[in-house]
Number of protein chains: 2
Amino acid sequence: MSKDKFTLGIDFGTESGRVVVIRVRDGVEFASAVIPYPDGVIDERLPSGPKLEHDWALQNPRDYILVVEKGVPKALKAAKVKADDVVGIGTDFTASSPMPTKRDGTPLCFVPQLRKHPHAWVKLWKHHAAQPEANRINEVGRERNEEFIRVYGGKYSSEWFFSKLLQVLDEAPEIYDATERFIEAADWIVWQLTGAEKRNTCTAGYKAMWVKGSGFPSKDFYRALDPRMENVIEEKIGTAFYPLGEKAGGLTAEWAHKTGLKEGTPVSIGNVDAHVAVPATTVTEVGSLVMIMGTSICHMLLGTGKQMVEGMCGTVEDGIVPGLWGYEAGQSAVGDIFAWFFEHGVPDYIHREARQRKVPFVAALEKRAAALRPGESGLVALDWWNGNRSILVDVDLSGVLLGMTLATRAEEIYRALIEATAFGTRTIVEAFESKGIAVKNLVACGGLPEKNRLLMQIYADVTGREIKLAQQLQTCSALGAAMHGAVAAGRAGGGYDSIFEAAKHMARVQKLTYKPRAEHHEVYNRLFKEYQALHDYFGRGGNDVMKRLKEMRRG
Amino acid sequence: MSKDKFTLGIDFGTESGRVVVIRVRDGVEFASAVIPYPDGVIDERLPSGPKLEHDWALQNPRDYILVVEKGVPKALKAAKVKADDVVGIGTDFTASSPMPTKRDGTPLCFVPQLRKHPHAWVKLWKHHAAQPEANRINEVGRERNEEFIRVYGGKYSSEWFFSKLLQVLDEAPEIYDATERFIEAADWIVWQLTGAEKRNTCTAGYKAMWVKGSGFPSKDFYRALDPRMENVIEEKIGTAFYPLGEKAGGLTAEWAHKTGLKEGTPVSIGNVDAHVAVPATTVTEVGSLVMIMGTSICHMLLGTGKQMVEGMCGTVEDGIVPGLWGYEAGQSAVGDIFAWFFEHGVPDYIHREARQRKVPFVAALEKRAAALRPGESGLVALDWWNGNRSILVDVDLSGVLLGMTLATRAEEIYRALIEATAFGTRTIVEAFESKGIAVKNLVACGGLPEKNRLLMQIYADVTGREIKLAQQLQTCSALGAAMHGAVAAGRAGGGYDSIFEAAKHMARVQKLTYKPRAEHHEVYNRLFKEYQALHDYFGRGGNDVMKRLKEMRRG
């Protein structure tokens, strides 16, 4: 095995980080080590004591360091791979998860006198407390007809970079002033490993209003948000952004010492977890929609040009692979809806049957649901339990279930929920196609496809498209990171010269595919029309009952 | 106690009959005996063997006889009341539950050579196999602009008298020919007890197209339905109908012998269970809506004139008490929806909590639901699990639940279902008031009010009206029958001269009443507007998705 070369992929998730050791020539995973974050998602009180307000979600950058320190040696050991044979390192991160640091990269939350200040910590992607700031950004952006409004399908999110920075300024100007750099964790970890602050174009493009060629909005825009923000780009961010797969630098001596890797091992520019998964599912061309399916779904698609597609999360040139436009869309709850149903909607007779058959209750439920034919339940649902991301971009929408009779059973409701999420994906597919961006087939990765054959078949039947599965469903992002590590190394360094080459050799799909069944597709075409009618009625102003109910709920 | 006089009320229900012994001077119930029907609801196979088709529901008249034979002696014994002190007997029945008999009243199903024929048996009220016949009746009725179409709020039901008779003719002309009398069980039992075939105006008016003053539709109408039916009224029904409370006759010697009662004891004209409950809840005047609340709700209201109110089950002069118009409306599923939810929608955490607290799970659920404020769930539902009776008269409508989020809990759904049924009642209340028929307060009887304080309070809050409860919630119909027995006896015979007098002395309400809370009513006014918008959108042709889904369900 001495001729084999390897790269490491380090995937920084929400609750833990994962290090994988991947063989360069064929993408085989030799080992994987998962390191949970000791502080996890910080949403109740800071590790230093103070209580957080509602909707906050922070992280401790120390946990990211720990993933590398512990995870790399552990994975290398498990893989029986030597440092000499590791030719590159790639990383990927949740986004947008930015943090304030000093000029040298020290997070403000590491500064003793600031560690009790919530705004000194990493704001995790799902920190939702910057909605007022997002509203202001959208208002000013629309008034000034800023390009980013179009890039983001009409709306800049409260989860993103500048909403979070503006919240710091609004609520803690002293922290804003102390912030010498405001930086995505994706870029910060690369800075730590290489000693070089080199930011990636992906988070810049998808989360921070940066557009290839024209850069950020003008100073006028930032001044209009807040006069103190006029020079934010020069002061705290910078204007240099580096393309995906480029080498950010070599591993520092200190990190080589800590991990057992060689000093100077090439480290690639930072990546985003959803985006980096695309080439890892073999997709580097137009026509295949990649679905990262878990609690939610991210839909990633490549296109040859820029199109304004309704309700996109972002449309970024070179945003996924070089030379193509990366489109990102999403459904804000999918696995989460099923988890909700498992918790709140499964009656006693399902649990009883599961005990009798000695299977998990979800298996009992799925078996019954799978025995139904499309349309048999007489139910149709709107999958808006967590609002609608694409294509309506409206967090105040909510779920609907319609068609219940006294004969309706739990497995029928479960199947209707699955179908509703499939209709949500089909709505996104049709939004792309309505703008001439082809979706010929689907490629899935993530946790959901592995667990749920019924769901995958329904998605194929509803969309009328074949679905392929990534070989490594659950470690797609880590594999994608490792592939970028190989590109950072380059062919001369034992890797590849492009992500296209890397994908050809390192990424694979499973033999198992889900093919649409014509007779089911025909029934689902009719059901989808019903979904669409309800979608438009409740989602496009026909009846704003959901918004009024949410207002009443707030009291 | 020798001065006390009593009447018997015999309430013939769906699964059993009940005999109550009531003191005439104050309505106090001295004893109650319930006799289950040995053959119950016959909906799978005849006691004589043959299998029934889907949607059939029959009964055996022998079971009615048994209720009197066994129940009367049992109740008298329990009450320690002597035959000499029983001054009258009243009965009430489900309706429309007609049967074919010979000229002497012998049910055709008692005739040995016919007993294996399904059409020879009693067609119970919930026999639903005569829908094609109901459709034909409505078609012909509308074409000919028949009065009954207006009386029944626009639609004659498959559950009613002539739909069932026409089904006999369609499917078994030989039974139709053998049918010398086609008669409601309500009238048949009175015929048995007194030897006189004297039919009541209530079933005639509410179920059989009969209108006080003008009688039945013309022969032309019946000929248009089927030429063989031209003379059906003279041949099988008759034109004499007797008002409620009138004495039908005295108990026969044979029945006196069987029951231990005195020969000649006055027996009143037959009654219908829902209608006879009205005076038993004290209501004999306009302004109080009586709700008989169980698996469904019957809404009974008195008015001073005839009005066409949308979606009524019937509007009959003297139909409930003499001198007033009796309006009947209804919700086709109420308790049934909750029973559905208890079976199909209650998750494990409710059952666990109930076990821990050692209470029934419904109590655990209700406690949580009661702790919510109106609007807090963010949910709204349409209560159409079994279609909509009043005011839309559409069996193909189905249930809706709207507003779910990942935080929605089972008790919130339960409360939303209760609220939806209350909105259904409010819709009926508003239909009455829109025609100038006042609904000042509500009076409830039946099984639901006793079990569910939360439900009753929500009905008060939603309708903005005080709700009184009948003293005897569950035996209201039997009490009403006994009151009519007292009227049949007359003051001279130890009873009363009118149902008004009887109600004054024999009927009572509880001290406990449910009063609307202004702040809750205000929130429910807003929620009701949302219900109305959905009601009209899905129920009045804005989106016929429910009908299309039911069609798809049928395959």
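The values are calculated or read from the model by the stated rules, or taken from the named source; none is laboratory data. Here the structure is a predicted model, which means the values were calculated and not measured. Backbone-built Cβ (ideal geometry, glycine too); neighbour counts: all protein chains shown.
Would you please name the residue that is nearest to A:Asp92 (Cα to Cα), looking only at residues in region A:308-341 that are hydroxyl-bearing (Ser, Thr, Tyr) and out of contact with any Leu (no Cβ under 7 Å at 6 or more places or on another chain)? Among residues in region A:308-341 that are hydroxyl-bearing (Ser, Thr, Tyr) and out of contact with any Leu (no Cβ under 7 Å at 6 or more places or on another chain), the one nearest to A:Asp92 (Cα to Cα) is A:Thr315. Of everything listed in (1) among the charged types (D, E, K, R); (2) under 24 Å from A:Lys198 (Cβ atoms); (3) touching a residue at least 60 places away in the same chain (Cβ under 8 Å), the single unmet condition for A:Lys126 is (2). In region A:505-516, the residues that are touching a residue at least 24 places away in the same chain (Cβ under 8 Å) and of a type in the set (Lys, Arg) reach residues that are crowded, with 16+ Cβ neighbours inside 10 Å and in a helix (DSSP H, G or I) with C-beta atoms within less than 9 angstrom, at least six apart or across chains, in these pairs: A:Lys515/A:Gln457; A:Lys515/A:Ala460. Within region A:9-53, the only residue that satisfies the criterion of being assigned to a strand (DSSP E or B), among the hydroxyl-bearing types (Ser, Thr, Tyr) and within 18 Å of the chain's Cα centre (by Cα) is A:Ser16. With respect to (1) surrounded by 19 or more Cβ atoms within 10 Å (Cβ to Cβ); (2) part of a helix (DSSP H, G or I); (3) not hydrophobic (A, V, I, L, M, F, W, C), the lone exception for B:Glu174 is condition (1). Applying the criterion of being of a type in the set (Gly, Ala, Ser) and modelled with pLDDT of 95 or more to the residues of region A:412-437, the residue that is surrounded by the fewest Cβ atoms within 10 Å (Cβ to Cβ) is A:Ser434.
Results for (1) among the aromatic types (Phe, Trp, Tyr); (2) in contact with a strand residue (DSSP E or B) (Cβ under 7 Å, 6 or more places away or on another chain); (3) under 20 Å from A:Leu52 (Cα atoms); (4) modelled with pLDDT of 95 or more, shown as yes or no for each residue.
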site	(1), (2), (3), (4)
A:Arg136	no, no, no, yes
A:Arg150	no, no, no, no
A:Gly153	no, no, no, no
A:Glu171	no, no, yes, yes
A:Glu174	no, no, yes, yes
A:Ala186	no, yes, no, yes
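Scanning region A:210-232 for residues that are of a type in the set (Phe, Trp, Tyr) and more than 14 Å from A:Phe148 (Cβ to Cβ) yields nothing.
Of the strands (runs of 3 or more DSSP E) lying entirely inside region B:222-295, those carrying at least 1 residues that are of a type in the set (Val, Ile, Thr) and modelled with pLDDT of 95 or more are B:266-268, B:287-293.
Given the condition surrounded by fewer than 18 Cβ atoms within 10 Å (Cβ to Cβ), more than 14 Å from chain A (Cβ to nearest Cβ) and of a type in the set (A, V, I, L, M), answer yes or no: does some residue in region B:274-291 qualify? Walk me through how you get there before you give the answer.
Filtering region B:274-291 for residues surrounded by fewer than 18 Cβ atoms within 10 Å (Cβ to Cβ) gives B:285-287.
After this cut, where a residue has to be more than 14 Å from chain A (Cβ to nearest Cβ) as well, the list is B:285-287.
With the extra rule that they be of a type in the set (A, V, I, L, M), the set shrinks to B:286.
Checking region B:274-291: at least one residue is surrounded by fewer than 18 Cβ atoms within 10 Å (Cβ to Cβ), more than 14 Å from chain A (Cβ to nearest Cβ) and of a type in the set (A, V, I, L, M).
Name the one entry in B:Ile320, B:Ile337 that is among the aliphatic types (A, V, I, L, M), under 19 Å from the mean Cα position of the chain (by Cα) and within 14 Å of another protein chain (Cβ to nearest Cβ).
Numbers: B:Ile320 fails: within 14 Å of another protein chain (Cβ to nearest Cβ).
One residue alone meets the criteria, B:Ile337.
Here the strands (runs of 3 or more DSSP E) wholly within region B:362-478 that include at least 2 residues being within 14 Å of chain A (Cβ to nearest Cβ) are B:380-382, B:399-404.
Scanning region B:351-361 finds one or more residues that are part of a helix (DSSP H, G or I), at the interface with chain A (Cβ under 8 Å from one of its Cβ atoms) and surrounded by fewer than 22 Cβ atoms within 10 Å (Cβ to Cβ). Going through region A:91-135 one residue at a time, which ones are polar (S, T, N, Q) and surrounded by fewer than 18 Cβ atoms within 10 Å (Cβ to Cβ)? A:Thr106, A:Gln113, A:Gln131, A:Asn135 - these are the residues of region A:91-135 that are polar (S, T, N, Q) and surrounded by fewer than 18 Cβ atoms within 10 Å (Cβ to Cβ). For A:Gly493, the criteria (1) more than 26 Å from the chain's Cα centre (by Cα); (2) touching a residue at least 12 places away in the same chain (Cβ under 8 Å); (3) closer than 30 Å to B:Phe528 by Cβ hold in every case but one, which is (3). Taken over region B:135-161, residues that are under 23 Å from B:Trp56 (Cβ atoms), part of a helix (DSSP H, G or I) and touching a Lys or Arg at 6+ places or on another chain (Cβ under 8 Å) amount to 2. Determine whether region A:369-387 contains at least one residue that is without any contact (Cβ under 8 Å) to a residue 40 or more places away in the chain, touching a helix residue (DSSP H, G or I) at 6+ places or on another chain (Cβ under 8 Å) and of a type in the set (Asp, Glu). Scanning region A:369-387 turns up at least one residue that is without any contact (Cβ under 8 Å) to a residue 40 or more places away in the chain, touching a helix residue (DSSP H, G or I) at 6+ places or on another chain (Cβ under 8 Å) and of a type in the set (Asp, Glu). Contact annotation: residue pairs with Cβ atoms under 8 Å, 6 or more positions apart or on different chains, pairing a residue in region B:517-534 that is without any contact (Cβ under 8 Å) to a residue 24 or more places away in the chain with a partner that is aliphatic (A, V, I, L, M), are B:Ala533/A:Val545.
On the given criteria, is B:Asp11 in contact (Cβ under 8 Å) with a residue 60 or more places away in the chain and loosely packed, with under 15 Cβ neighbours inside 10 Å? So B:Asp11 does not fit the description; no.
Condition test on A:Glu519, is it acidic (Asp, Glu), surrounded by 18 or more Cβ atoms within 10 Å (Cβ to Cβ) and either under 26 Å from the mean Cα position of the chain (by Cα) or closer than 24 Å to A:Leu382 by Cα (or both)?
On the way: acidic (Asp, Glu): yes; surrounded by 18 or more Cβ atoms within 10 Å (Cβ to Cβ): no; either under 26 Å from the mean Cα position of the chain (by Cα) or closer than 24 Å to A:Leu382 by Cα (or both): yes.
No, not satisfied.
Taking the criterion of being more than 7 Å from chain B (Cβ to nearest Cβ) and in a loop (DSSP other than H, G, I, E, B), the residues of region A:516-554 that qualify are A:Pro516, A:Arg517, A:Arg540, A:Gly541, A:Gly542, A:Asp544. Of everything listed in (1) out of contact with any strand residue (DSSP E or B) (no Cβ under 9 Å at 6 or more places or on another chain); (2) surrounded by 20 or more Cβ atoms within 10 Å (Cβ to Cβ); (3) in contact (Cβ under 8 Å) with a residue 40 or more places away in the chain; (4) not hydroxyl-bearing (Ser, Thr, Tyr), the single unmet condition for B:Leu193 is (1). Scanning region B:386-400 for residues that are among the β-branched types (Val, Ile, Thr) and more than 15 Å from B:Asp544 (Cα to Cα) yields one hit, B:Ile391.
Considering region B:48-61, the residues that are surrounded by fewer than 15 Cβ atoms within 10 Å (Cβ to Cβ) and touching a residue at least 12 places away in the same chain (Cβ under 8 Å) include one that is farthest from B:His127 (Cα to Cα), namely B:Gly49.
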